[in-house]
Every structure is written in C-alpha cells, then in structure tokens.
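Comments concern the structure below.
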Amino acid sequence: MKRRVFYAIVLILMAVSFNACEKLLEDCKMCELVKYLDGVEDDRGDPIEYCGATLIAKEALGTYTIGPNVTAKWECQ
C-alpha cells in the first residue's frame with residue numbers, strides 16, 4: 001500500500017512539473033541586435049521573435065565585443 005501511495009505522489013509531481021515547463025516554452029519576445037560604436041547606438045537589426053530556451057539564451061548573452069570600439073547586445077521586448 002505504501003508503495004502505491006509513493007508512486008501516485010511521484011506521478012502527480014511529474015505531471016505538475018511538465019505543466020510548468022509549458023509556460024517556459026510559450027514565452028516569446030521580439031528581439032533585435034543593437035550595435036554600439038564607442039558607447040553610442042550605431043545600428044539596430046530587424047526584430048525577430050524568439051521563444052523558450054532560445055529566448056533565454058539571447059537574454060543571457062549580455063553585452064559583448066564584436067570589433068574595435070564596437071559592442072553589441074540583444075534587446076528583447
């Protein structure tokens with residue numbers, strides 16, 4: 001009897017965790033690559049929609065250097 005209760009609890013927890021991941025995958029934003037030359041905005045790329053893990057990866061990149069005096073970062077809204 002204890003074993004059945006344990007398996008039922010594990011099954012319920014698994015079902016709840018799967019539903020929580022769906023929200024993560026449904027989250028979408030429009031992101032564009034913004035380039036800065038000497039700290040001043042120089043160029044904006046076309047907005048592209050990113051969702052789920054790809055969106056999280058874009059937002060986590062932060063600011064990075066792509067050339068002399070040129071930095072870039074993804075801005076998502």
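Since every read-out is calculated from the coordinates, none of them should be taken as a lab result. Computed from a predicted structure; not experimentally measured. Heads up, the Cβs are rebuilt from the backbone with ideal geometry, glycines too, and the neighbour counts pull from every protein chain shown.
Taking region 22-77 and the strands (runs of 3 or more DSSP E) fully enclosed by it, no element has 3 or more residues that are in contact with a His (Cβ under 9 Å, 6 or more places away or on another chain) and surrounded by 14 or more Cβ atoms within 10 Å (Cβ to Cβ). Is one or more of the residues making up region 44-54 of a type in the set (D, E, K, R) and either in contact with a Lys or Arg (Cβ under 6 Å, 6 or more places away or on another chain) or in contact (Cβ under 8 Å) with a residue 24 or more places away in the chain (or both)? For region 44-54, residues of a type in the set (D, E, K, R) and either in contact with a Lys or Arg (Cβ under 6 Å, 6 or more places away or on another chain) or in contact (Cβ under 8 Å) with a residue 24 or more places away in the chain (or both): absent.
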